[in-house]
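Here the structure is laid out as structure tokens; the discussion comes afterwards.
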Amino acid sequence: MSLEAPRPQAIAVFGATGDLAKKKILPALYNLAREGLLPERHVIIGFGRTEWDDESFRTHAREAVEENSRTPLEDETWKTFAASLSYLRGSFEDHDAMAELAKMLKLADDRHGCDGGRLYYLAVPPSSFATIVQGLGEVGGNTPNARIVIEKPFGDSLESARELSAAVHEVFDESQVFRIDHYLGKETVQNLVIFRFANSLFERVWNRDAVDHIQITVAESIGVEGRAGYYEHAGAVRDLLQNHLLQMLAFLTMEPPRALEAEAFRDEIAKLLKAVRPFEPADVVRGQYEGYRSEEGVDPHSETETFVAAKTMIENWRWDGIPVFLRHGKKLPIRATEIAVFFREPPRFLLDDLGVGKLTEDHLTVRVQPNEGISLAFQAKVPGPGYELETVRMDFDYGRSFMQQPAEAYERLLHDAMDGDHTLFTRQDAVERSWELVDPLLKDHGTVRMYAPGTWGPPESAKLIAPREWHLGRGGKERSAMEPRPG
Ligand code: BG6
């Protein structure tokens, strides 16, 4: 990402009155404005169905920033930011509304010097993508400097992802398309690449010779929070496994790209995903939290999973035979995303004869969120006579090392899209491959097992990983090397 403001452009947010715009997009645009990272000449047009005018949209945006921005609202920044906001009320299917949008965009060129630069942000359900793209095509929305940002999920199956892509490509060239997976905007996920490829130490053990297995968990304490309309059809497999979990796995295990250049990078991601074995229903546990069926908008007999734990393998030279465990659930005990790489046991355990029990294997954990950081857990001798062992940790902590919390993923991604940098956006071949990987689970739904809210999902999830254990949620078996020993 360049640290400069992108070239002039008009930003049109479709679905500007929705949840995503309120929680993420408007606060992210505000923070970019605060840091001088919005184009010097720009306008932001919110497009939605709600009966608002410019003023009510600004009031809404202010609330969105006050409630959800990572930095407090500053009056000066707000004034300039608010002046760039305007609103268009209309339905995406309505040709006249699209034509009105085209007029506003033209005005942005004439009055605000946006020079034909366009960023269309589709913060809408996937069912509206094709209609909007077609509408934009009809009103000449594809200027040479136009870019389109599309939210995940991109389709709901391999077939629909292909259809959607074809619809988008009727109007926009692939080079103009930015498919967002916001996990790639998280600093800790990008740091995986630096951690691996800027340090020769770890790269040497990043393979089947040294690694025993890999785990990635995305745990959420919230439930579906009023999103039943979308979630009932999606479920945890489509909502998270197909995208965030697989993308993190790709960053963790891909081959080094030739350069940190978008296509070289995306080639390696696509190559890795091609090597992942499609999920087999027998290696997957699905769960649903108790009480989900009585939430508003949920079918009382719903079989939608709110939890998924899955095992797979990466069938390539580097990772052959190493199990990969991926897990995600809602209403789990905590909100935390963690990657754990477990290393093999030493070939001989010298302390067997002394009756010293084995501890957990050495492992490296990446805390994607919260308390962003990386830890290496290893065995240490407890001071004193004899050989008592304890697992301790070396910790890197973002907050402590850099004295700042990472920026929001959406800020990074919005800026990159305005800048035309595709590195952190999912390419069509990777999206299709990810659908291929989960396709067997869409065809064979299997049993959904109930779990109590506030637990780590159905007990079958522990069986899936046995004799190993899930690391996140296992509880205090190791302490930080910086923490004193209790007692
Ligand atoms: C979204 C999913 O993509 O990611 C949500 O649709 C989920 O269901 C969210 O809650 C999690 O994102 P984060 O950044 O809060 O971990």
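Things to note:
- Whole-number percent relative contact order across region 68-181, with pairs defined as alpha carbons under 8 Å at least 6 apart: 24 percent
- Global form of the chain, assessed from the alpha-carbon gyration tensor, a/c cut-off 1.5: prolate
- In the full protein context, region 1-151 carries 44 Å² of accessible surface per residue, based on a 1.4 Å probe and ignoring ligands, DNA and RNA.
- Normalised by the number of residues in the chain, the mean separation of alpha-carbon contacts (under 8 Å, six or more apart) gives a relative contact order of 17 percent.
- Listed residues ASN145, THR80, PRO27: farthest to the positive end of the dipole of the chain (Cβ charges): PRO27
- Dipole orientation for the chain: of the candidates GLY135, MET403, ILE465, ILE465 has the Cα lying most toward the positive pole (charges on Cβ; Lys, Arg +1; Asp, Glu -1).
- Only helices enter the 222 nm calculation for the chain: every DSSP H run of n ≥ 4 contributes -39,500 (n - 2.57), and dividing by all residues gives -9500 deg cm²/dmol, rounded to 500.
- For the chain, the share of accessible area belonging to carbon and sulfur comes to 51 percent (1.4 Å probe, ligands and nucleic acids excluded).
- Region 40-91: GluC sites (Glu not before Pro) in DSSP loop, at most 10 other beta carbons within 10 Å: GLU51
- Positive dipole terminus of the chain, leading residue within TRP319, MET248, SER165 (C-beta point charges): TRP319
- Greater than 25 Å apart at Cα, pairs in LYS186/LYS381; LYS23/LYS152; LYS106/LYS186; LYS311/LYS381: LYS186/LYS381; LYS106/LYS186; LYS311/LYS381
- Sparse packing (at most 10 other Cβ atoms within 10 Å of the Cβ) combined with a DSSP loop state is found for the following trypsin sites (Lys or Arg not before Pro) in region 194-278: ARG204.
- Given +1 at the Cβ of Lys and Arg, -1 at the Cβ of Asp and Glu and no other charges, the dipole of the chain around its Cα centre is 1120 debye to the nearest 20.
- Taking θ as phi - 60° and the Karplus parameters 6.51, -1.76 and 1.60, the scalar couplings of region 360-368 work out to 5, 5, 4, 8, 10, 10, 10, 8, 5 Hz in sequence order, x denoting glycine and proline.
- Applying the criteria of a DSSP loop state and at most 16 other Cβ atoms within 10 Å to the GluC sites (Glu not before Pro) of region 265-322 yields GLU290, GLU296, GLU303, GLU315.
- Added length on full extension, which subtracts the Cα-Cα distance from 0.36 nm per residue, ASP352 to ALA380: 8.5 nm
The values are calculated or read from the model by the stated rules, or taken from the named source; none is laboratory data. The model shown is predicted, which means the values in this text are computed figures rather than measured ones. Glycine also receives a Cβ, built like all others from the backbone with ideal geometry; neighbour counts cover every protein chain displayed. Heads up: the accessible areas ignore ligands, DNA and RNA and are worked out on the full protein's heavy atoms, side chains in. Shrake-Rupley method; radii C 1.70, N 1.55, O 1.52, S 1.80 Å.
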